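Q: One structure coming up, written as structure tokens, with questions to follow.
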Amino acid sequence: MSSSSLPFATPPMRLGVCYYPEQWPRERWADDARAMREMGLSTVRIAEFAWSRMEPSEGRFDWEWLDAAIETLAAQGLQVILGTPTAAPPQWLVQAHPDVLPVDAQGRVKPFGARRHYCFSSPSMWTASERIVTAMAQRYGQHPAVVAWQTDNEYGCHDTTLSYSPAALTAFRRWLAERYGSIEALNDAWGTAFWGVQFLGFEHVGFPVGQPTSALPTHAMDFRRFSSDQVVRYNRMQVELLRQHAPGRPVLHNFMGLFGEFDHHEMGQDLDIAAWDSYPLGHVDTAATFLTEAERQQWARTGHPDISAFHHDLYRGIGHGRLWVMEQQAGPVNWADWNALPLPGMVRAWSWEAFAHGAELVSYFRWRQLPYGQEQMHSGLNRPDGQRDVGGEEAARVAQEIAQVAAALPADALATVSAEVALVVDYPSLWMTQIQPQGKDMAGFGVAIRYYSALRQLGLNVDVIGPDADLSAYRLVVLPQSLHVSDALAQRLQQHSGVIVAGPRTGSKTADLAIATPLPPGPLRALLPVRVRAVESMRPGRHYAVQAEAGSPLGHASQWRDLLDLDASPEGQDVQVRERCEDGWPARVSAGRVDLHAALVDPALLQAWLDDAARRAGLSTVAISAQKPGLRLRRRGALQFAINHGPADAQVPVPTGVPLLLGSATLPPGGVAAWVVPGSAPRSR
Ligand code: GAL
């Protein structure tokens, strides 16, 4: 589908909200819709949990209430994003077809009574989903007010990607049979010579859980791949139905932050837009397990300066350049361990941060705090009594500012969102870190975000890309934790003319999760003639000083290091040891334009290493965060944005004489500034 034929084709900056008409008396709807318009909102996402209201019993549909809700919103000029309601299967479905329910790793069925109580492998769920999605899309697919569709809601939320149901087992065995063809091939690929785990037939393969100790890593990896495929397949079924019955409307899914249980790059292939749900304070408090307690305290009310930004840059790539924030935190959430109040100004700052990173839409969660139910302690733009809350005031301000910015710039001034640096992230490598972390703190997104953060503190614009993305636009390509590097990626890296930085563990595993041959960095050895002869992980508090050849300590290595043997390069290019650990093992080596970080190092040293790589790539950097830890920059089209996450006032690097479109040269915590980049020459209109 070409993006020019879609609503939202020119990327404006819009505000929206998530709304649940089924939770409020009908008499309120018109007032709510009017108040949304008055706040400056233009889109409303509805219906994603309302299956039991749309189809109260099997095959009997009640559209009257949804027709009325859509008409009420449309009457105020609001555009509607419809969510397919499959995240909340109705009780009649579960009772008629208990195989809908997912099963946990201990074999316990997860019962009806909340949401996401379905197994992606359940045939009954598949059939019922086809029916409701088709019926809904047939009814509203051509409705002029319905401008986009969201599939389901947050696939995988509440730990629901992996299901251990009988249906999942049957499907997993079928998937294995298709992948391997014979049980001998499976035994071979899984390395079942180890501990004699010889499987006798596909029908005898179980789940990789519950064994007295860990299952074979390739067994675990295949179960992750299979489970990911099931989610992608299920989503594709919904997308195809929506394309058929709702032509011309973009289809998106609302992904989550710090979540990678299925391959988002694969799912992105089927979508027009990637949306995600941004909860900066919940992430800092609870989800970002890699943060230190001091960091949690520091960013408790503002959100971490790089975590939301990382996701904006990730999902913009997954959405082929089209990014929406489908749910934006607008006040305290209810689901973190502790639920802080955003610092005044942060709802506005998060909104502008999303726009700075290319978002076309920021949609707040939710319109009004609901006084009952599981999320009664979750704030909204409005309080439970209907009065505007702080988030609502800030959203209204953002709406005014968008109008102000739009009036000052030509229509296409914000159309391009480009970056000089690519950070490569892939989901199978992430699963490998989870299946065999080897160091307790090595699993998940922490390492990638640490690299991302260092690049951003140099003032660089970053695209977070998948392993198949085109590299040609980037002068610097960073692979923070690509445990598996395919031959295809290795080849593209070899052909790439820019500077390449590989973090520890790069290329260390085959696709099947075995140690790479030749020894790590495996397929990257043509670029980096070294061999990892051993690895070491370090418990918190252990570290090695890192120093230049004859110098004093520059910083320290902690968490992880690869012990490198240096080979003579086939091209005669020598490997240069740039720094060593105190016991002599290389900490960083360079081979021409390629750097290998053999150790994870402290943030200041990492920044220095990336600064060096960026300069060699011909990029100019600024140490923006030295004195102002929360200040970050992002360029979008003609505009340069600066956002201050605090804790103190920060001077923004606006060139002398250039007027600010937003904010002031001295930004308070939570402040946002924007100015036209000299030379980018947008005409005023
Ligand atoms: C999201 C979810 C919403 C709501 C929100 C609360 O994960 O999509 O439905 O539960 O969290 O923060």
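No value in this document is a laboratory result; all are computed from the given coordinates. Predicted model, so just to flag it, every value in this text is computed and none were measured. We place every Cβ from the backbone using ideal geometry, glycine too, and count neighbours over all the protein chains shown.
Q: In terms of modelled amide H atoms, which long-range or inter-chain residues lie less than 5 Å from the amide H of V44?
A: V17, Q79, V80, I81
Q: Here's something else I'd like to know. Where the eigenvalues come from the Cα gyration tensor of segment 452-518, what are the semi-axes √(5λ) of the equivalent ellipsoid, largest first, in whole Å?
A: One finds semi-axes of 22, 14, 9 Å for segment 452-518.
Q: Over the chain, what is the relative contact order in percent, taking alpha-carbon pairs closer than 8 angstrom and at least six residues apart?
A: Here the relative contact order equals 10 percent.
Q: Take the alpha-carbon centre of segment 405-438, take the same for segment 140-215, and report the distance between them in whole Å.
A: That distance is 28 Å.
Q: Counting only C-alpha contacts under 8 Å and six or more residues apart, can you give the relative contact order of segment 175-268 as a whole percent?
A: 23
Q: Let me ask you something else. If amide H atoms are built 1.01 Å from N in the plane of the peptide, which residues on other chains or at least 5 residues away come under 5 Å of the amide H of F255?
A: So F255 has HN proximity to A275, W276, D277.
Q: Which lysines does K440 reach when only Cα atoms under 24 Å apart count, and residues fewer than 8 places away in its own chain are ignored?
A: By straight Cα distance, K440 reaches K509.
Q: Report the net charge of residues surrounding P247, where surrounding means a beta-carbon distance below 13 angstrom and charges are Lys +1, Arg +1, Asp -1, Glu -1.
A: 0
Q: Based on the Cβ-Cβ distance of A403 and M377, what FRET efficiency does E = 1/(1 + (r/R0)^6) give at R0 = 35 Å, to the nearest 0.05?
A: The computed FRET efficiency comes out at 0.55.
Q: Using all alpha carbons of segment 231-276, what is the percent of pairwise distances in each 10 Å bin, ordered from the shortest bin to the longest?
A: In order of increasing distance, the bins hold 26, 57, 15, 1 percent.
Q: Another question, then. Around A534, what is the net charge, scoring Lys/Arg as +1 and Asp/Glu as -1 over all other residues with Cβ under 14 Å from its Cβ?
A: My count for the surroundings of A534 gives 0.
Q: Which one, H378, S620, V146, is farthest towards the positive end of the dipole of the chain when Lys and Arg carry +1 and Asp and Glu -1 on their Cβ?
A: Towards the positive end, the residue furthest out is S620.
Q: Report D for segment 421-616 in µm² per second (integer): Stokes-Einstein, Kirkwood Rh on Cα pairs, 37 °C, 0.692 mPa s.
A: The diffusion coefficient I find is 200 µm²/s.
Q: Let me ask you something else. Hey, with R₀ at 30 Å, roughly what FRET efficiency would R131 and E38 work out to, going by the Cβ-Cβ distance, to 0.05?
A: Here the calculated transfer efficiency is 0.20.
Q: Moving on. Just to confirm my numbers, what's the Cα centroid distance between segment 41-98 and segment 216-285 in Å?
A: The two parts, judged by their Cα centres, are 21 Å apart.
Q: Can you pull a Stokes-Einstein diffusion coefficient for the chain at 4 °C (1.567 mPa s), Rh from Kirkwood over Cα pairs, as a whole number of µm²/s?
A: Value of D from the Cα-based Kirkwood radius: 49 µm²/s.
Q: For the chain, what is the mean residue ellipticity at 222 nm derived from helices alone (per DSSP H run of n ≥ 4: -39500 (n - 2.57); sum divided by total residues; nearest 500 deg cm²/dmol)?
A: -9000 deg cm²/dmol
Q: Sequence-distant or interchain residues sharing an amide H contact under 5 Å with A502, placed H: which?
A: L479, D595, L596, H597
Q: Something else now. Report, to two decimal places, the Cα Rg of segment 631-676 normalised by 2.2 N^0.38 Å (N = number of residues).
A: Working it through for segment 631-676, the quotient is 1.02.
Q: Between segment 306-343 and segment 546-614, what is the C-alpha centre distance in whole Å?
A: The two parts, judged by their Cα centres, are 34 Å apart.
Q: Whole number please: convex hull volume per residue of the Cα set in segment 302-361, in Å³?
A: Spelled out: Cα convex hull of segment 302-361, divided by residues, is 85 Å³.
Q: Kirkwood Rh over alpha-carbon pairs of segment 288-400, then Stokes-Einstein at 20 °C and 1.002 mPa s: what D in µm² s⁻¹, rounded to an integer?
A: Here the translational diffusion coefficient equals 145 µm²/s.
Q: Tell me the net charge near H312. Cut-off is 11 Å between Cβ atoms, H312 excluded, with +1 for each Lys or Arg and -1 for each Asp or Glu.
A: That works out to -1.
Q: Relative contact order of segment 17-144, please, whole-number percent, based on alpha carbon pairs below 8 angstrom and at least 6 residues apart.
A: 22
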